[in-house]
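Structure first, commentary second.
Rule-based calculations on the coordinates, nothing more; no lab input. This is a predicted model, so every value here is computed, not measured.
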Amino acid sequence: MFKTLPLAQQTTVRIYIDEQMHEVPGTLSVAAALLAAGHLACRTTPVGDNERAPFCMMGVCFDCLLEIDGVPNRQGCMTLVRDGMQVRRMQGARSIA
């Protein structure tokens, strides 16, 4: 679906998406890393359990909300990946506490 441009010295990092390890370029946002790893949906809606995927990739639509390193409701498109990051896709209603 997506092709990355070859860079001279592109470093990769290991992130864990729903407890599965993925090596991704270290220059990506978390939302872009999910898409590159083949995960199209970041979360499901509270009503209807419909899948939502990153849409705007610039912090406006909030469709890329994820749990990142134990903190829920983080915008994946606004967060850069780092080595060892734990990412969980959110299911249903989000917690506000």
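Here the stretch 13-89 has an Rg and Dmax of 11.3, 35 Å, counting Cα atoms alone. Normalised by the number of residues in the chain, the average gap of Cα pairs under 8 Å and 6 or more apart makes the relative contact order 31 percent. With contributions of -39500 (n - 2.57) from each DSSP H run of at least four residues, the per-residue ellipticity at 222 nm computed over the chain stands at -2000 deg cm²/dmol. Can you give me the C-alpha center-to-center distance between the stretch 1-59 and the stretch 67-90, rounded to a whole angstrom? Cα centres, the stretch 1-59 to the stretch 67-90: 10 Å. Beta-bridge orientation, the chain: approximately 85 percent antiparallel, per DSSP, counting only bridges with both partners inside.
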